[in-house]
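What follows is calculated from the coordinates using simple rules that are stated; it is not laboratory data. Note that this is a predicted model, so its numbers are computed, not measured. Because the Cβ atoms are built from the backbone with ideal geometry, glycine has one as well, and the counts that use them run over all protein chains shown.
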């Protein structure tokens with residue numbers, strides 16, 4: 001049977017080779033105590049959760065059960081019971097799904113399946129954005145996820161690669177964990193350039209990055225004292241109002257970051273349309289000040305990534321109340337986001353990512369060729385051919401008497 005004679009969901013699962021998935025299962029010994037319910041069946045069920053916007057285990061079970069005739073194309077013999085899926089989500093390792101995400105991402109990048117790997121700047125340095133987002137939770141349903149008196153949540157840390165706007169690194173932690181603790185564990189390649197907000201002000205970390213040849217662009221906090229050592233010329237036109245080389249002079253920063261650091265003033269508008277001056281700190285001394293300002297503006301792409309992740313995938317409600325199930329659901333959400341980015345690149349219809357996700361959800365089990373569907377998602381599927389009737393030629397039987 002060709003792929004065009006399968007449903008869209010079945011064709012999407014071919015992105016994940018079974019032999020590669022099986023090797024990762026063996027690596028983590030994820031099926032050591034399983035009783036017939038495979039990790040791949042769990043993987044299919046969690047992908048269905050995101051693609052179909054199922055908000056409970058019973059919706060996953062009933063949604064797959066209603067398509068019993070098509071489950072064999074998905075590699076399933078029957079729809080998993082909600083109790084079986086709940087136990088697997090609570091006890092199987094989340095590292096398996098993290099490795100599935102990163103192995104699939106590396107294969108797509110190696111085969112140029114996500115388009116040209118180039119950020120929107122002329123320099124060849126790898127451009128990254130570092131940030132985290134809190135996925136809000138109810139304290140009544142998730143009492144273990146408290147991070148203040150009234151709110152609960154879990155935090156997703158991401159280093160976004162601007163070549164394809166997908167995570168270079170990712171980590172899931174409790175919401176109480178500060179972003180800087182994750183940043184200290186990163187091993188960034190020399191020559192890369194990291195854009196981040198002022199929450200990552202750790203001058204010991206910035207000094208270590210500077211010694212390893214890692215460039216950074218971040219916000220300048222008002223409480224950081226400095227001494228101006230050199231003033232550079234600024235263009236007559238544009239939004240750059242100052243470009244200085246400064247020495248950090250506060251007691252808390254003196255000795256932690258010894259080299260001169262660049263301080264750039266940028267005139268911008270806030271969300272209310274009022275103009276204000278934004279000051280940036282960077283150890284990149286060669287780029288134009290306007291390029292540094294554009295790099296920090298490009299950091300907004302990680303906010304758009306978090307927004308698309310929460311809008312298009314099932315992260316507003318979780319199908320399991322324990323931490324392990326929640327981590328599995330977040331990792332599979334990243335896998336589906338990678339899948340949607342690849343489909344959006346293949347599509348010639350040029351619709352938004354939100355509209356493409358909606359079209360896939362509405363046609364998940366329809367029998368359509370994937371590429372033809374991506375070229376025009378709203379084109380009705382072709383009608384199945386009817387039975388062929390042979391034409392019989394009868395001789396002249398004469399006139400009835």
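Taking the alpha-carbon centroid of each part, what is the distance from the stretch 104-125 to the stretch 195-246 in angstrom?
Cα centroid of the stretch 104-125 versus Cα centroid of the stretch 195-246: 28 Å apart.
Counting C-alpha atoms alone, how compact is the chain: give Rg to one decimal and Dmax as a whole number, in angstrom.
Answer for the chain, Rg first and Dmax second: 26.8, 121 Å.
In nm, to one decimal, how far is the modelled label at residue 149 from the one at residue 208, with both set 7 Å along Cα→Cβ?
Each label point lies 7 Å from its Cα, and together they span 3.6 nm.
What is the spin-label model distance, in nm, from residue 345 to residue 35 if the labels are put 7 Å beyond Cα along the C-beta direction?
Taking the simple label geometry, residue 345 and residue 35 are separated by 4.3 nm.
Taking the Cα centroid of the stretch 17-45 and of the stretch 272-293, what is the distance between the two, rounded to the nearest whole Å?
48
If neighbour count is taken as other Cβ atoms inside 10 Å, put 366, 93, 282 in order from fewest to most.
If I rank by nearby Cβ atoms, fewest first, I get 366, 93, 282.
Residue 241 to residue 291: extension gain in nm, 0.36 nm per residue of separation minus the Cα-Cα distance?
Stretched out fully, the residue 241 to residue 291 stretch lengthens by 16.6 nm.
How do 303, 269, 187 line up, fewest other C-beta atoms within 10 Å first?
The most exposed by this proxy come first: 187, 269, 303.
Just the number, please: Stokes-Einstein D of the stretch 57-216 in µm²/s, Kirkwood Rh from C-alpha pairs, 20 °C, 1.002 mPa s.
Rounded, D is 112 µm²/s.
For the peptides 331-339, 351-359, 28-36, what is the packing order when you average, over each peptide's residues, the other Cβ atoms within 10 Å and list the highest mean first?
Those peptides, ordered most packed to least, come out 331-339, 351-359, 28-36.
Could you compute the FRET efficiency for residue 58 and residue 354, with r as their C-beta to C-beta distance and R0 at 22 Å, rounded to 0.05?
0.25
Could you work out the Kirkwood radius for the stretch 252-337, taking every pair of different alpha carbons, averaging 1/r and inverting it, reported in Å?
About 16.8 Å for the stretch 252-337.
Only counting other Cβ atoms within 10 Å, I'd like 291, 314 sorted with the fewest neighbours first.
Least to most surrounded, the residues fall as 291, 314.
P(r) for the stretch 218-298: what percent of alpha-carbon pairs falls in each 10 Å bin, starting at zero?
Values per bin, smallest distances first: 17, 51, 27, 5.
Among 312, 324, 239, which one shows the highest mean-square fluctuation when the chain is modelled as a Gaussian network with alpha-carbon springs under 10 Å?
239
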